[in-house]
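The values are calculated or read from the model by the stated rules, or taken from the named source; none is laboratory data. A quick note: this is a predicted structure, and the numbers were derived from the prediction, not measured. Cβ coordinates were reconstructed from backbone atoms using ideal geometry, including for glycine residues, and neighbour counts include every protein chain displayed. Surface areas here come from the heavy atoms of the whole protein model, side chains and all, with no ligands, DNA or RNA. Shrake-Rupley method; radii C 1.70, N 1.55, O 1.52, S 1.80 Å.
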Amino acid sequence: MMGHKVQNNQMSIADTLGLGFMTFAFFLGAGNLIFPPLAGYLAGENITLAMFGFLITAVGLPLITLIAVAKANGKIMQLLPPIAATALAVSIFIIIGPAFAAPRTGLVAYEVGFKPFLEDTSATFMIAGLTFNITQLIYTLGFFGLSMVLALFPGKLLDSVGKVLTPILILLLVGLAISVIVIPGSDIGAAVGDYQANPLTKGILEGYNTMDTLASLIFGMLIIDILRKKGITEPKAQTNYLIKAALIAAAGLAFVYVSLFYLGATAGDLAVGAENGGVILTNYVIAKFGASGMVLLSSVVTLACLTTAVGLISACSEYFNELLPKISYRRFVVLVSVVCATVANVGLAQLIDISVPVLMTVYPVAIALVAVTFLTERFAHPKTAHRLVVSVALFFGIIDGFKAAKVDVSMFNFMPLHNEGMAWLLPTAIVIVACMLIKKPNQQLAAN
């Protein structure tokens, strides 16, 4: 009996690697390719500190979050009040789904995978006072139409795309990384804007944009589900394999980010006037590899964005279907896809501008949740500690969000790290420490 149980909770090395690659593919979407080149270009001579900051929030935090989800056995929000837990989950699903992350996949696929092949993309038309770009509208409708079909019938297709696409993607990214080091564009330039004075904190905040820490909360549950289906039923074994998968994914992401940061920093004239990193990446590939390199880059970016979009649309639809069972999964798929296609026509630069204040508000809550999950055993009153810490992070996160949205919050200027957009950090840390110092009643009696 015992032998069977051990057998039941083990995976082969190939399966473990497959799980790691799949986790990497989940994360490698639009944001991962467009933010590092621009950040590298703007950071210039301060690239090392900026890159380190970016890696903290774009690799370190998602990795730690996945481990926290494993530790909580997938139930990371269970100590929060049910209404608050639902509100937080809904807001995270909306952010990584129809509001920001999913529409962004369609826009990046258009910007990097399609636009460079067009002669003229300036044609527009107006509806109800809103201006739409014709080629962008047609492309995003097609992209999210296809995503919708794939999410409606999630058969073997995603699996095969994942198994075929990820190795191709990794090979292409390795090739790109080698070329960046062997044939850099030009000398590293001077730092610009916030990267001059605060490259580390600017890098940390830039890492928020990938949205990967929020995605980790959802992907962690998804991976535990996959492990259960593979016969890994023991929580300890699940945690073990999830950590291995998370480490493989983190190593892959770090490799991609470092090479793309360096690509941006050495892009020189190729990056002049670029409003997002997708443009820098495209210009670099065209300059170094011509049309054939561009075809390869566009197909890989399109497929990476498509798999991410399908994953996000189906994850959101499953969640909302569980929340509101009267509306079927398929109806949600159609609804989420339509919203994604609509939001995508805001334009990439505008979408990023709108998303920043929202991320500045929600990220502190996600980080606080991960921190208290690791410290649950240290609290005398875990439920109270979870609720208190998350509330404080939310309150100060809202202030940081208002600041990012250019709302006047100068009355909070006295707070440490307020100017850097991280006012939440110190109060949250203080509350965590205070909650850890409170002893259980029987401990106090024993001490006396």
Inside the stretch 241-273, can you point out the residues that are open to solvent by less than 10 Å² (accessible area, probe 1.4 Å), within 20 Å of GLY203 (Cα to Cα) and either of a type in the set (A, V, I, L, M, F, W, C) or part of a helix (DSSP H, G or I) (or both)?
LEU253, VAL256, TYR257, LEU260, PHE261, LEU263, GLY264, ALA265, ALA267, ALA271
Pairs where the first residue, in the stretch 336-347, is closer than 15 Å to ALA109 by Cβ and the second is open to solvent by 30 Å² or more (accessible area, probe 1.4 Å) and hydrophobic (A, V, I, L, M, F, W, C), C-beta under 8 Å, 6+ apart
SER337/MET148; ALA341/LEU141; ASN345/PHE132; ASN345/LEU137
Looking only at the stretch 199-213, and only at residues there that are in contact with a Pro (Cβ under 9 Å, 6 or more places away or on another chain) and assigned to a helix (DSSP H, G or I), the one that is farthest from MET422 (Cα to Cα)
ASP212
Quick check on the stretch 30-43. Is at least one of its residues crowded, with 24+ Cβ neighbours inside 10 Å and either basic (Lys, Arg) or without any contact (Cβ under 8 Å) to a residue 60 or more places away in the chain (or both)?
no
Answer yes or no as to whether VAL334 is closer than 26 Å to PHE143 by Cβ, out of contact with any helix residue (DSSP H, G or I) (no Cβ under 6 Å at 6 or more places or on another chain) and either open to solvent by 50 Å² or more (accessible area, probe 1.4 Å) or not aliphatic (A, V, I, L, M) (or both).
yes
Considering only the stretch 404-415, state which residues are open to solvent by less than 70 Å² (accessible area, probe 1.4 Å), of a type outside the set (Val, Ile, Thr) and out of contact with any Pro (no Cβ under 7 Å at 6 or more places or on another chain).
SER410, PHE412, MET415
ILE280: passes all of (1) under 21 Å from LEU173 (Cβ atoms); (2) open to solvent by 20 Å² or more (accessible area, probe 1.4 Å); (3) among the hydrophobic types (A, V, I, L, M, F, W, C) but (2)
Restricting the stretch 68-84 to residues that are within 20 Å of the chain's Cα centre (by Cα) and of a type in the set (A, V, I, L, M, F, W, C), which is surrounded by the fewest Cβ atoms within 10 Å (Cβ to Cβ)?
MET77
